[in-house]
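The values are calculated or read from the model by the stated rules, or taken from the named source; none is laboratory data. Since the model is a prediction, treat every value here as computed from it, not as a measurement. Cβ sites come from the backbone with ideal geometry, for glycine too, and all protein chains shown count toward neighbours.
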Amino acid sequence: MKKPILSALILLGAMSIQANVSTVSKDAHPTVIVQTEYTEVAVDAVPAAVKTALQTAYPGSKLVKAFVNEKKEYKLEISVGDQKATVYSDVNGNWLKI
């Protein structure tokens, strides 16, 4: 008699575990990130101050691609040896943290 009652309790317990419903918060707000658009420019169009700052900060680096936004901030894709990186500079060659 004990085994059928114990089996029924185990079965009901297992079924109740599956019945849990997770709730979703309705007050969650999406986060919008505004990113400044950069347009690609020729490597030769990068100002001399930016190129000088690049060679000073990263000796032996090669400028692969350059991009500029409407604030005249430059996004520079560089390679140093076999490593690649992206750095940001203003028109005067000052480094920006993005």
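Side notes on the structure shown:
- If the condition is being surrounded by fewer than 18 Cβ atoms within 10 Å (Cβ to Cβ), in a strand (DSSP E or B) and either touching a residue at least 12 places away in the same chain (Cβ under 8 Å) or among the small types (Gly, Ala, Ser) (or both), then segment 64-93 contributes VAL64, LYS65, PHE67, GLU77, SER79, VAL80, LYS84, ALA85, TYR88.
- Filter pass, ILE5 being among the aliphatic types (A, V, I, L, M), modelled with pLDDT of 70 or more and not in a loop (DSSP other than H, G, I, E, B): yes
- Residue under evaluation ILE17, criteria (1) of a type outside the set (Gly, Ala, Ser); (2) at pLDDT 65 or above; (3) loosely packed, with under 10 Cβ neighbours inside 10 Å; (4) not in a loop (DSSP other than H, G, I, E, B), criterion not met: (2)
- Residue count for segment 41-63 under the criterion of being closer than 16 Å to LEU96 by Cβ, assigned to a loop (DSSP other than H, G, I, E, B) and free of Cβ contacts under 8 Å to residues at least 40 places away in the same chain: the result is 2.
- Total residues in segment 44-63, condition surrounded by 11 or more Cβ atoms within 10 Å (Cβ to Cβ), farther than 17 Å from LYS84 by Cα and not small (Gly, Ala, Ser): 4
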